[in-house]
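*Asks:* My questions will all concern the structure given below.
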Amino acid sequence: VLDTLRALVGADHVLVGADTQRYCDDWTGRYHGAARAVVRPAGTDECAGTVTACAEAGVPVVPQGGNTGLVGGSVPDSSGRAVIISTERMGAITVDVLAGQVTVGAGAVLSALQDALATTGWEFGVDLGARGSCTLGGMIATNAGGTRVLRYGSMRAQVIGVEAVLGDGSIVSRLDGLMKDNTGYDLGALLTGSEGTLGIVTAARLRLVPRPNARVTVLASLPSLADALALSARLRATVDGLDGIEAVLGDGINLVCQQAGLTAPFITSPAVTVLAEWAGAGDPPAAFVDAFVDLDHLVALDATTRERLWAYRERMTESISRVGMPHKLDVTLPFDRLAAFVDALSGATSPHRVYVFGHLGDGNLHVNVLGPSADDLSVDDRVLALVIEHGGSISAEHGVGRMKAHALGMQRTRSELAAFRAIKHALDPAGVMNPGVLLTDVNHDA
Ligand SMILES: Cc1cc2nc3c(=O)[nH]c(=O)nc-3n(C[C@H](O)[C@H](O)[C@H](O)COP(=O)(O)OP(=O)(O)OC[C@H]3O[C@@H](n4cnc5c(N)ncnc54)[C@H](O)[C@@H]3O)c2cc1C
């Protein structure tokens, strides 16, 4: 297989041995695998040749973009059998200003897209803290969410079409950018959120959103989660141009100050620190300004101050990783059950240390548990069971990956899982695409 791959993509782009190491460890430090090789195709045809060779030889394939995924889906298992296909050489970006669309190679990094759009009058509707490393292909594969979902939706809402290599090595391509095309199944939507288990996205056509000329960011101190949720509902109901509502719960704000070297934003540590952002033309509406009048709050009107306020929220992930290897549980709850879920969390995670933050405007919390060893699933399962008990989802935006594959049956019914398997079998008949991710050891009790 390796000789075939070298002939296909060039020996320089088939890495083996120690050169594969950095592709085998995940961002969280919880998952460490081993690979037979890392292959770096230059484009869709080389990618198709690589998948075909692997499928014929029964070699597992792990697609990898920026390797910033937080559920262990981008790294192989420890058997050393898999070939990682890295999209890092597929980073082309072509902006279509007339259409308000962009064609990207799967390996294009989000911040490179943001830079490419800077003077076009357009911007991209999804943004997230890993922007300097995460790729558009990886974001499609995970259906990434981020900080602007309440305004523009997650990745699936941005995808007009994709080009991809399916598990049998065949190429499907729909990069024409047609805004209307009702000719059957939407393969782009199906591949979005498929976590590399059906094929490899090699390029995509994405919609753009109008670039606002003003942004106002507010960081506010809230006395309780119930108050933060009421503020969030008020902002969502009344503010046109609301771009995001984020939150850091409890002691998380002290952790980020210590670990990231930030000054405490408020004299008294808030029960909930809320960050809200408006973006549009001119001044923000009165409803946005009025919502914070009675609260202790800080305002950013310029880019530097804005970056300073965002650091309290965006540097949470790295701050937690600095003090230990977290079990990261990304979950959504119905808004009316969110406070009860958080109240019950300490019981489910005791005696471990827990930090909670997330995208409050979407009901999406990131529960980070420090203490259990990497392979101890007991706390994960207690938290996920609590999520189900409160009517939520065990994965809001990070995907299922290796981490939650054993728990998928808690969320999805027997018939849904049967449909998932039928799709998997149809598009990846040899079962080589990212085995162990999403569909494995599924518990059928749901
Ligand atoms: C600091 C930080 C902040 C983050 N914030 C957010 C956030 O706000 N919202 C959010 O949703 N996520 C967030 N993440 C998680 C992560 O950035 C996203 O999941 C992102 O979409 C992963 O992109 P990637 O290129 O790094 O993919 P990878 O980590 O390389 O891969 C992720 C998954 O996609 C598959 N994959 C990758 N590329 C392809 C491809 N071309 N075709 C098919 N499958 C592929 C992989 O096999 C794997 O299963 C954050 C991560 C960090 C470290």
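*Asks:* Tell me, please, whether a residue that is open to solvent by 40 Å² or more (accessible area, probe 1.4 Å), free of Cβ contacts under 8 Å to residues at least 40 places away in the same chain and among the charged types (D, E, K, R) can be found in the range 347-356.
*Replies:* So far as the range 347-356 goes, yes, one or more of its residues are open to solvent by 40 Å² or more (accessible area, probe 1.4 Å), free of Cβ contacts under 8 Å to residues at least 40 places away in the same chain and among the charged types (D, E, K, R).
*Asks:* Taking the condition of being hydroxyl-bearing (Ser, Thr, Tyr), farther than 30 Å from LEU275 by Cβ and within 16 Å of the ligand (Cβ to nearest atom), how many residues in the range 169-217 meet it?
*Replies:* Result for the range 169-217: 5.
*Asks:* Going by the structure shown, is THR119 over 27 Å from ALA281 (Cα atoms) and either within 8 Å of the ligand (Cβ to nearest atom) or modelled with pLDDT of 95 or more (or both)?
*Replies:* no
*Asks:* In the range 39-61, how many are part of a loop (DSSP other than H, G, I, E, B), open to solvent by less than 10 Å² (accessible area, probe 1.4 Å) and within 18 Å of VAL104 (Cβ to Cβ)?
*Replies:* 1
*Asks:* Counting just the residues of the range 133-147 that are among the small types (Gly, Ala, Ser) and at negative phi, which one comes out farthest from the ligand (Cβ to nearest atom)?
*Replies:* Among residues in the range 133-147 that are among the small types (Gly, Ala, Ser) and at negative phi, the one farthest from the ligand (Cβ to nearest atom) is SER133.
*Asks:* Would you confirm whether any residue within the range 407-414 is at pLDDT 95 or above, within 16 Å of the ligand (Cβ to nearest atom) and in contact with a Phe, Trp or Tyr (Cβ under 7 Å, 6 or more places away or on another chain)?
*Replies:* No, because not a single residue in the range 407-414 is at pLDDT 95 or above, within 16 Å of the ligand (Cβ to nearest atom) and in contact with a Phe, Trp or Tyr (Cβ under 7 Å, 6 or more places away or on another chain).
*Asks:* Answer yes or no as to whether ARG89 is part of a loop (DSSP other than H, G, I, E, B), under 24 Å from the mean Cα position of the chain (by Cα), closer than 30 Å to VAL331 by Cβ and of a type outside the set (Val, Ile, Thr).
*Replies:* The answer is no for ARG89.
*Asks:* Restricting the range 221-236 to residues that are under 18 Å from ALA287 (Cα atoms) and under 26 Å from the mean Cα position of the chain (by Cα), which is most open to solvent (accessible area, probe 1.4 Å)?
*Replies:* Among them, the one singled out is ARG236.
*Asks:* Now for a separate question. Check ARG6 against each of (1) out of contact with any Leu (no Cβ under 8 Å at 6 or more places or on another chain); (2) within 23 Å of ALA203 (Cβ to Cβ); (3) open to solvent by 20 Å² or more (accessible area, probe 1.4 Å); (4) assigned to a helix (DSSP H, G or I) and name the one condition it does not meet.
*Replies:* (2)
*Asks:* Residues VAL75, VAL109, VAL83, VAL102: which one is within 9 Å of the ligand (Cβ to nearest atom) and open to solvent by less than 30 Å² (accessible area, probe 1.4 Å)?
*Replies:* Matching residue, one of VAL75, VAL109, VAL83, VAL102: VAL75.
*Asks:* Before we move on, is ALA426 among the small types (Gly, Ala, Ser), within 15 Å of the ligand (Cβ to nearest atom) and modelled with pLDDT of 95 or more?
*Replies:* no
*Asks:* Does LEU377 satisfy being over 21 Å from ASP77 (Cβ atoms) and either surrounded by fewer than 21 Cβ atoms within 10 Å (Cβ to Cβ) or among the aliphatic types (A, V, I, L, M) (or both)?
*Replies:* no
*Asks:* Could you grab me the full set of residues in the range 336-374 that are hydrophobic (A, V, I, L, M, F, W, C) and closer than 26 Å to ALA130 by Cα?
*Replies:* LEU338, VAL342, VAL354, VAL356, PHE357, LEU360, LEU365, VAL367, VAL369, LEU370, ALA374
*Asks:* Additional query: Report whether or not ALA130 is more than 21 Å from VAL95 (Cα to Cα), of a type in the set (Gly, Ala, Ser) and assigned to a loop (DSSP other than H, G, I, E, B).
*Replies:* Yes.
*Asks:* I would also like to ask the following. In this structure, does LEU360 turn out to be more than 16 Å from the ligand (Cβ to nearest atom), under 21 Å from the mean Cα position of the chain (by Cα), of a type in the set (A, V, I, L, M, F, W, C) and surrounded by 21 or more Cβ atoms within 10 Å (Cβ to Cβ)?
*Replies:* So LEU360 does not fit the description; no.
*Asks:* Can I ask one more? Identify, please: which residue in the range 133-147 is of a type outside the set (Val, Ile, Thr) and outside any loop (DSSP other than H, G, I, E, B) and is, among those, nearest to GLU163 (Cα to Cα)?
*Replies:* Taking the candidates together, the pick is GLY137.
*Asks:* Also, quick follow-up: Contact list please: Cβ distance under 7 Å, first residue in the range 114-143 and touching a residue at least 40 places away in the same chain (Cβ under 8 Å) and open to solvent by 40 Å² or more (accessible area, probe 1.4 Å), second residue in a helix (DSSP H, G or I) and within 13 Å of the ligand (Cβ to nearest atom), pairs at least six apart or on different chains.
*Replies:* Note: pairs meeting the criteria are GLY129/GLU314; GLY129/THR317.
*Asks:* I've got another one for you. Can you name the residue in the range 152-181 that is charged (D, E, K, R) and part of a loop (DSSP other than H, G, I, E, B) and, of all such residues, is most open to solvent (accessible area, probe 1.4 Å)?
*Replies:* Step by step, filter the range 152-181, then rank; the result is LYS180.
*Asks:* Residues in the range 365-404 that are acidic (Asp, Glu) and either part of a loop (DSSP other than H, G, I, E, B) or touching a Phe, Trp or Tyr at 6+ places or on another chain (Cβ under 8 Å) (or both): how many?
*Replies:* 3
*Asks:* Condition first: surrounded by 20 or more Cβ atoms within 10 Å (Cβ to Cβ) and among the acidic types (Asp, Glu). Now tell me which residues in the range 182-220 satisfy that.
*Replies:* Selection gives GLU195 alone.
*Asks:* Could you please tell me which pairs satisfy a Cβ distance under 6 Å, a separation of 6+ or placement on different chains, a first residue in the range 374-397 that is over 13 Å from LYS328 (Cβ atoms), and a second residue that is open to solvent by 40 Å² or more (accessible area, probe 1.4 Å)?
*Replies:* Listed by first residue and then by second, the contacts come to ILE388/MET410; HIS390/ARG337; GLY391/PRO334; GLY391/ARG337.
The values are calculated or read from the model by the stated rules, or taken from the named source; none is laboratory data. Because the structure is a prediction, the values reported are computed rather than measured. Cβ: placed from backbone, ideal geometry, glycine included. Neighbour counts: every protein chain shown. The area values use the complete protein model at the heavy-atom level, side chains included, leaving out ligands, DNA and RNA. Shrake-Rupley method; radii C 1.70, N 1.55, O 1.52, S 1.80 Å.
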